[in-house]
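As structure tokens, the structure follows; a few thoughts come after it.
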Amino acid sequence: MNYQLLIESYSFGSSLSEQEIELLSLELETQIMNINISTEFGCFKSAPSHICEGLNLKKDTYWIMCLAEILDLHKPPQFGKTKSVEVFDLLLEKGLVIG
């Protein structure tokens with residue numbers, strides 16, 4: 001199952017297994033590395049509004065932010081920045097969001 005289907009399933013109330021959370025974590029790390037290659041990947045597009053709503057995120061939130069939000073809920077950091085903040089800072093640095 002791809003990460004977008006996992007996110008959609010989760011946004012509708014399904015729980016995620018540890019294996020699925022690890023897959024999402026690997027996906028996020030890959031997307032973060034790819035931001036230096038191109039911002040044309042699907043993760044830098046807006047997720048559908050029903051997914052944003054299901055995750056309590058603003059309409060038109062990028063897929064990569066949805067992914068980071070789910071990981072923050074399941075694997076909150078012991079200290080330091082959350083994944084959502086890290087991703088937002090990176091998007092801000094690349095000019096993909098306005099802070």
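Every number in this text was worked out from the coordinates using simple rules, so none of it is lab data. All values derive from a computational prediction rather than experimental measurement. Virtual Cβ from ideal backbone geometry, glycine too; neighbours counted across all protein chains shown.
From the backbone phi of the stretch 70-86, what are the Karplus-calculated ³J(HN,Hα) couplings (6.51 cos²θ - 1.76 cosθ + 1.60, θ = phi - 60°) in whole Hz, Gly and Pro given as x?
4, 5, 4, 5, 9, 9, x, x, 5, 7, x, 6, 6, 4, 4, 5, 4
Skipping prolines and chain starts, which residues have an amide H placed within reach, meaning under 5 Å, of the one on residue 61, given they are 5 or more residues away or on another chain?
47
Take residue 79 and residue 49, extend 7 Å from each Cα along the Cα→Cβ direction, and tell me the distance between the two endpoints in nm.
Between residue 79 and residue 49, the simple spin-label model gives 4.3 nm.
Relative contact order for the chain: what percent, with Cα pairs under 8 Å and sequence separation of 6 or more?
On the way: 81 pairs, mean separation 23.9, N = 99.
For the chain, the relative contact order is 24 percent.
Helix-derived [θ] at 222 nm for the chain: sum -39500 (n - 2.57) over DSSP H runs of at least 4, divide by residue count, nearest 500?
Working: 5 runs with 55 residues, N = 99.
Counting only the DSSP helices, I get -17000 deg cm²/dmol.
Can you give the charge dipole size of the chain about its Cα centre, rounded to the nearest 20 debye, using +1 on the beta carbon of Lys and Arg and -1 on the beta carbon of Asp and Glu? Kindly include the intermediate steps, with their values, before the conclusion.
On the way: 7 positive and 14 negative charges, 50 e Å.
For this selection, approximately 240 debye.
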